[in-house]
Ligand code: BGC
């Protein structure tokens, strides 16, 4: 057994969360800070919201730092990692969360909509993961901090598995995240770097307001969720803090569905 800091969670660790000004990213950033991490809050739009998250993190007694970058642009990602290393010293945890939807019927989907989603959801995760792995390998394991040299959490979706009509670009991006995550995990495991995904189902955030904001929409959504409630960002935040911690040290290359059973094919509960 390596000597691990199993019960002090994320104390002293430095995390970067992309797309952390709202939704799941914000929930994860706050959960990591609660568990003891200092956090760089990446945002693309809405600096005011990002500043509020930083304020909440500082209220918890941690360091927070907001940084604007488009994760699909290599120069902006490099500048963000420079700031991370300069201001926080290193990176122990990357949460690849930034993502978006640009929905359209397939025959009407434009190349622009296709690229926008693939660029942010997949290329953005590649660029940030590559920079994180470079720093993890340079620094190696610091046993007082964590028994891993670094941890990457890719925020995927149940739609890495469940096909999704009208969202072909989004589902393709998340399917890509799944095998990118597993392939990176296989490659970097000998360097004691852990790479995993969290794949949320329907979580109450701005990305899917249409699916929960009226009683009719909510009832219809519940037919897809055996656990019979929508997820909250804190449901994902708690899992992220655990998966990034040494409590999960023997887990790598895994996609963890946080979905109230959405991937259990609920239609088959009465059919088939
Ligand atoms: C999507 C949401 C959707 C959920 C479940 C997520 O990945 O971003 O819009 O509600 O999957 O279908």
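Under the condition of being within 16 Å of the ligand (Cβ to nearest atom) and outside any loop (DSSP other than H, G, I, E, B), the residues counted in region 76-106 number 2.
Given the options 54, 6, name the one that is modelled with pLDDT under 95 and either assigned to a loop (DSSP other than H, G, I, E, B) or out of contact with any helix residue (DSSP H, G or I) (no Cβ under 8 Å at 6 or more places or on another chain) (or both). The unique qualifying residue is 6. Residues that are over 22 Å from residue 163 (Cβ atoms) and more than 10 Å from the ligand (Cβ to nearest atom) within region 192-205 comprise 192, 193, 194, 195, 196, listed in sequence order.
Looking at this structure, is residue 117 within 14 Å of the ligand (Cβ to nearest atom), within 17 Å of residue 243 (Cβ to Cβ) and not in a loop (DSSP other than H, G, I, E, B)? Spelling it out, it is not the case that residue 117 is within 14 Å of the ligand (Cβ to nearest atom), within 17 Å of residue 243 (Cβ to Cβ) and not in a loop (DSSP other than H, G, I, E, B). Across region 209-237, which residue is nearest to the ligand (Cβ to nearest atom) among those that are surrounded by fewer than 17 Cβ atoms within 10 Å (Cβ to Cβ) and under 19 Å from residue 28 (Cβ atoms)? The selected residue is 232. When residue 152 is tested against (1) outside any loop (DSSP other than H, G, I, E, B); (2) without any contact (Cβ under 8 Å) to a residue 24 or more places away in the chain, exactly one condition is not met: (2).
Residues that are free of Cβ contacts under 8 Å to residues at least 60 places away in the same chain and within 30 Å of residue 110 (Cα to Cα) number at least 1 in the following helices (runs of 4 or more DSSP H) confined to region 161-265: 168-188, 215-222. Is there a residue being surrounded by 21 or more Cβ atoms within 10 Å (Cβ to Cβ), part of a helix (DSSP H, G or I), under 13 Å from the mean Cα position of the chain (by Cα) and in contact (Cβ under 8 Å) with a residue 40 or more places away in the chain anywhere in region 31-46? Yes.
In this structure, is residue 243 within 18 Å of residue 123 (Cβ to Cβ), away from the ligand (no atom under 12 Å from the Cβ) and modelled with pLDDT of 95 or more? No.
The values are calculated or read from the model by the stated rules, or taken from the named source; none is laboratory data. Predicted model, so just to flag it, every value in this text is computed and none were measured. Please note: Cβ atoms are built from the backbone with ideal geometry, for glycine as well, and neighbour counts cover all protein chains shown.
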